[in-house]
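Trainee: Following this message is one structure expressed as structure tokens.
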Amino acid sequence: MTATPTKSRTRLFLLVFLAVVLLSVGGNLGVRLLEERLADNRLFSVLVNNQKLVLDGATLREFNDDLLRLTEQQRSQADLQMRQWTDDWLDRSFTLATDAVPQYLDWYYSMPGSYSRLYHAVGGDLEPFMTAQMGHFLFDASGLQQQLASFDDQVLSRWQALAQTQQRVIGQQLVGVYAPRQAKPTAALTTSMPMLNIDLALGSGFRASAEDIQRWRTGSQASVLAGAGTLALLVRRTLLPRLMSLGAVQSARRALAGFVARLAPRLAVAISAGGTAATVTAPSGPGALVAGSVAFLTAAGTLVVTDFTLLKTEEALLRDRKENEIRTELLASREILRVRLHQHLNSMVEQRGAQLRRALVQPYERAEIDRRFHILGR
Amino acid sequence: MILLLLPAISLLIWTQIPEPAQGWLFLPVWVASSWLILAGSLESARLRRRVWLEQYLLADSSWHRLLRGGVLMTVWHLLVAALLALFMLAKLLHVHAWIGLLLLAQAVVIGWLGRWLDARLQVHVRVAVRPAVARRMLVPLVMLPLLPGYLLIVLMLSQPAMVGIGWGEAVSLYLPEAQSAVGLLALCERSYLLLDLTLQWALQNALGSREDSGALAVLAWSLLLLSGAAFTWAWVRMLVGVGALVNRGEEA
């Protein structure tokens, strides 16, 4: 303690500096040595996108993280695309039906249509006949029936195609990133390298198996169809009664029924009128009979024709309203179906996500790779 | 006061600097904090030794020179100071803002308490050793509010919920990443984080349904108190060391 204050302090500082530098150099050296000694230097061969990559443990861990990240990303994308595709498909399908509405109405107001309706109204089976006709025009002739029946196949093939492209994309991205980062295998190690087949895992994770398809079908029946056989049947069963009970359709039918009700007594009046006229004016004998029946037929015919014209105008007034209501109802059913299909797609997506995660764990279980924790090293 | 705030603030700023610069500044920061801790602890050790020697040795014994404290003492305290500083730095990188605030407030408290103590000792203690004695008494006095404050904040901060899960699982789920890229500091950080996580896990499970919850409670509280005490002690020692370093020049 003989020197000036600054000198004493500097001496102490130099001492500390030297010691700390020594400690730091020694510590860093030791840490590095330990890290090298404990480094994950096992090698793994990874089969991805039909290419064999040799990776060391640390790189493999990154590879695995990337793989999980990419598949998750692709999966959510697939979810989105399937949703969009379903939406488009629904719009397309129901456009078929809405486009067929004018044709149906054309038939409805045409002569054959009117008379067959009259015929069935008189026969008492108007309701089932009309239901069948509506089903024929809106479902069978328009192609909606066929379109709906093929939904399962279409959605599965679409999914399949999407999955294949995604699998290829993931494989290509991974190879692109990790091919330059391969470790150099020594001869001794190559024989005992654990093999990871990522292709197989991705394949089984993405591809829809027979079991998947079965699950889809039963699932779609359970959630969308509620007991019915196919989507087409569901729509037919739920949609037709709703269409038939629409206000405009009902009032048109009521007009017709009223006409039929009026028809019977008027016919009777016409017949008796014809009869009296004949007895009053005509001579007796076979000529009277002929004259009477001619009179009856003219009376009845005029009555039917005039009343029927009245009916037609009544119905024609309803045509626009009817068309609008049918269209609106079709669109409403489309939205209901859309919600159900989305729900079903969601549950399907979740199932597939779980399946994919299981599939991706498999190669690691087979190669007996444990997840390790490192205090030293990263 | 400003001299006290300077190292405290610069250390807290260092913890917030982004990575490459933080790595470069690590060595200077470590040297500086070890220097401060060493100055303080060396002074108090010399004082203690002198009291002991004057108590037992004859005035003209040659052992006075031998036992006064030289290279061996310096090297020992140097080692302790460097390791304490390293521990403190690793922990500082992960302290919560509230604890940072508490530490900063402590610098002010130390300045204020030091002045008050100096005034009290003026009429009682010999001039030559007064600053050293004041600093000796300052350390426990400052630790008194600091340690309970530290414990209070640590126990009030939220922790990841680890009740009912095994230690290994807790580590693999919740161990945070080390912040530094410097190998030695990162190692210390990871060890500290592991220690912290262990004590949190033990603390949470001490009252749980585990069979060894009694032992866990002991482990948890001893780890909590030991690590907290070591950290706060290093901090106080460092701040007190500023005074010792300034004084060391003046007395020489």
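The values are calculated or read from the model by the stated rules, or taken from the named source; none is laboratory data. Here the structure is a predicted model, which is why all the values come from computation and not from measurement. Neighbour counts run over all protein chains shown; Cβ positions are idealised from the backbone, glycine included.
Trainee: Test B:PRO7 against the stated conditions and say whether it is away from chain A (no Cβ under 13 Å), assigned to a helix (DSSP H, G or I) and closer than 23 Å to B:GLY243 by Cα. Walk me through how you get there before you give the answer.
Mentor: Numbers: away from chain A (no Cβ under 13 Å): yes; assigned to a helix (DSSP H, G or I): yes; closer than 23 Å to B:GLY243 by Cα: yes.
In short, yes.
Trainee: Would you be able to tell me the number of residues in segment B:220-234 that are touching a helix residue (DSSP H, G or I) at 6+ places or on another chain (Cβ under 6 Å) and among the aromatic types (Phe, Trp, Tyr)?
Mentor: Adding up the residues that qualify gives 1.
Trainee: Here's another thing I want to ask about it. B:GLY149 is checked against (1) at pLDDT 90 or above; (2) within 14 Å of chain A (Cβ to nearest Cβ) and fails just one. What number does that condition carry?
Mentor: Single failed check for B:GLY149: (2).
Trainee: For segment B:48-72, give me each residue that is within 14 Å of chain A (Cβ to nearest Cβ) and at pLDDT 85 or above.
Mentor: Restricting attention to segment B:48-72, the residues satisfying the condition of being within 14 Å of chain A (Cβ to nearest Cβ) are B:50, B:65, B:68-72.
Of everything in segment B:48-72, those that are within 14 Å of chain A (Cβ to nearest Cβ) and at pLDDT 85 or above turn out to be B:ARG50, B:LEU72.
Trainee: Could you tell me whether segment B:59-69 includes any residue that is crowded, with 16+ Cβ neighbours inside 10 Å and of a type in the set (Gly, Ala, Ser)?
Mentor: Yes - at least one qualifying residue is present in segment B:59-69.
Trainee: Something else about it: Can you tell me which residues in segment B:166-178 are more than 9 Å from every other protein chain (Cβ to nearest Cβ) and crowded, with 16+ Cβ neighbours inside 10 Å? If you could, list the steps in order and put the result at the bottom.
Mentor: Initially, segment B:166-178 is screened for residues more than 9 Å from every other protein chain (Cβ to nearest Cβ), giving B:166-167, B:169-170, B:173-174, B:176.
Residues satisfying the conditions are B:ALA170, B:TYR174.
Trainee: Working only within segment A:55-81, note down all residues that are under 16 Å from the mean Cα position of the chain (by Cα) and either at pLDDT 85 or above or exposed (fewer than 15 other Cβ atoms within 10 Å of the Cβ) (or both).
Mentor: A:SER76, A:GLN77, A:LEU80, A:GLN81
Trainee: Might you let me know whether segment A:92-112 holds any residue that is more than 36 Å from the chain's Cα centre (by Cα) and of a type in the set (S, T, N, Q)? Reasoning before the result, please.
Mentor: Here is the first cut: in segment A:92-112, the ones more than 36 Å from the chain's Cα centre (by Cα) are A:109-112.
In the following step, the residues that additionally are of a type in the set (S, T, N, Q) were identified as A:110.
Yes, there is a match, as at least one residue in segment A:92-112 is more than 36 Å from the chain's Cα centre (by Cα) and of a type in the set (S, T, N, Q).
Trainee: Here's another thing I want to ask about it. Quick one: would you say B:VAL154 is under 20 Å from B:LEU83 (Cβ atoms), assigned to a helix (DSSP H, G or I) and away from chain A (no Cβ under 14 Å)?
Mentor: Values: under 20 Å from B:LEU83 (Cβ atoms): no; assigned to a helix (DSSP H, G or I): yes; away from chain A (no Cβ under 14 Å): yes.
Judged against the criteria, B:VAL154 is not a match.
Trainee: Please specify each residue of segment B:17-35 satisfying the condition of being in contact (Cβ under 8 Å) with a residue 24 or more places away in the chain and more than 9 Å from every other protein chain (Cβ to nearest Cβ). Spell out how you get there, then give the answer.
Mentor: The first filter runs over segment B:17-35 and keeps only residues in contact (Cβ under 8 Å) with a residue 24 or more places away in the chain, leaving B:19-20, B:22-23, B:26, B:29-30, B:32-35.
Within segment B:17-35, B:GLU19, B:PRO20, B:GLN22, B:GLY23, B:VAL29, B:SER33 qualify.
Trainee: Answer yes or no: is there a residue in segment A:29-46 that is facing chain B (nearest Cβ under 7 Å), surrounded by 14 or more Cβ atoms within 10 Å (Cβ to Cβ) and at pLDDT 80 or above.
Mentor: So in segment A:29-46, the residues facing chain B (nearest Cβ under 7 Å) come out as A:31-32.
After this cut, where a residue has to be surrounded by 14 or more Cβ atoms within 10 Å (Cβ to Cβ) as well, the list is A:31-32.
Now drop any that are not at pLDDT 80 or above, which leaves A:31-32.
Yes, segment A:29-46 contains at least one residue that is facing chain B (nearest Cβ under 7 Å), surrounded by 14 or more Cβ atoms within 10 Å (Cβ to Cβ) and at pLDDT 80 or above.
Trainee: If you scan segment B:145-171, which residues turn out to be touching a Leu at 6+ places or on another chain (Cβ under 9 Å) and of a type in the set (Ser, Thr, Tyr)?
Mentor: Passing the criteria: only B:TYR150.
Trainee: Could you look through segment B:34-58, keep only residues that are more than 24 Å from B:LEU11 (Cα to Cα) and touching a Phe, Trp or Tyr at 6+ places or on another chain (Cβ under 8 Å), and pick out the one that is surrounded by the most Cβ atoms within 10 Å (Cβ to Cβ)?
Mentor: The qualifying residue surrounded by the most Cβ atoms within 10 Å (Cβ to Cβ) is B:LEU53.
Trainee: For residues that are modelled with pLDDT under 90 and either of a type in the set (Phe, Trp, Tyr) or outside any helix (DSSP H, G or I) (or both), scanning just segment B:113-146, find the one that is farthest from B:TRP233 (Cα to Cα).
Mentor: Among those that are modelled with pLDDT under 90 and either of a type in the set (Phe, Trp, Tyr) or outside any helix (DSSP H, G or I) (or both), it is B:VAL123.
Trainee: Could you figure out which of (1) crowded, with 19+ Cβ neighbours inside 10 Å; (2) away from every other protein chain (no Cβ under 14 Å); (3) out of contact with any Gly (no Cβ under 9 Å at 6 or more places or on another chain) isn't true of A:ASN49?
Mentor: So A:ASN49 meets the others, but not (3).
Trainee: Exactly one of these conditions fails for B:TRP201: (1) more than 14 Å from chain A (Cβ to nearest Cβ); (2) under 27 Å from B:GLN16 (Cβ atoms). Give me its number.
Mentor: (2)
Trainee: In segment B:11-20, what residues are out of contact with any helix residue (DSSP H, G or I) (no Cβ under 8 Å at 6 or more places or on another chain) and either modelled with pLDDT under 90 or crowded, with 17+ Cβ neighbours inside 10 Å (or both)? First the steps, then the outcome.
Mentor: Step one: filter segment B:11-20 for residues out of contact with any helix residue (DSSP H, G or I) (no Cβ under 8 Å at 6 or more places or on another chain), giving B:13, B:16, B:18-20.
B:GLN16, B:PRO18, B:GLU19, B:PRO20 - these are the residues of segment B:11-20 that are out of contact with any helix residue (DSSP H, G or I) (no Cβ under 8 Å at 6 or more places or on another chain) and either modelled with pLDDT under 90 or crowded, with 17+ Cβ neighbours inside 10 Å (or both).
Trainee: Which members of segment B:115-156 meet the condition of being under 18 Å from B:ALA229 (Cα atoms) and loosely packed, with under 13 Cβ neighbours inside 10 Å?
Mentor: Result: B:PRO140, B:LEU144, B:PRO148, B:LEU152, B:LEU155, B:MET156.
Trainee: A further question follows. Just to be sure I understand, how many residues within segment B:21-39 are under 23 Å from B:LEU101 (Cβ atoms) and either among the β-branched types (Val, Ile, Thr) or at pLDDT below 90 (or both)?
Mentor: Pass one, segment B:21-39, residues under 23 Å from B:LEU101 (Cβ atoms): B:22, B:25, B:29, B:32-33, B:36-37.
If we keep only those that are either among the β-branched types (Val, Ile, Thr) or at pLDDT below 90 (or both) too, we end up with B:22, B:25, B:29, B:37.
Of the residues in segment B:21-39, 4 are under 23 Å from B:LEU101 (Cβ atoms) and either among the β-branched types (Val, Ile, Thr) or at pLDDT below 90 (or both).
Trainee: Has segment B:180-193 got at least one residue that is part of a loop (DSSP other than H, G, I, E, B), within 13 Å of chain A (Cβ to nearest Cβ) and surrounded by fewer than 16 Cβ atoms within 10 Å (Cβ to Cβ)? It would help to see each step written out before you state the result.
Mentor: Looking only at segment B:180-193, we keep the residues that are part of a loop (DSSP other than H, G, I, E, B), and these are B:180-182.
With within 13 Å of chain A (Cβ to nearest Cβ) added as a condition, the list becomes B:180-182.
Going one step further and asking which of them are surrounded by fewer than 16 Cβ atoms within 10 Å (Cβ to Cβ), we end up with B:181.
Yes, segment B:180-193 contains at least one residue that is part of a loop (DSSP other than H, G, I, E, B), within 13 Å of chain A (Cβ to nearest Cβ) and surrounded by fewer than 16 Cβ atoms within 10 Å (Cβ to Cβ).
Per-residue answers, yes or no, for (1) at pLDDT below 80; (2) part of a helix (DSSP H, G or I); (3) not β-branched (Val, Ile, Thr):
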{"position": "A:SER116", "(1), (2), (3)": "no, yes, yes"}
{"position": "A:VAL122", "(1), (2), (3)": "yes, yes, no"}
{"position": "A:PHE129", "(1), (2), (3)": "no, yes, yes"}
{"position": "A:HIS136", "(1), (2), (3)": "no, yes, yes"}
{"position": "A:GLN146", "(1), (2), (3)": "yes, yes, yes"}
{"position": "A:ARG158", "(1), (2), (3)": "no, yes, yes"}
{"position": "A:ALA161", "(1), (2), (3)": "no, yes, yes"}
{"position": "A:GLN172", "(1), (2), (3)": "no, yes, yes"}
{"position": "A:ALA179", "(1), (2), (3)": "no, yes, yes"}
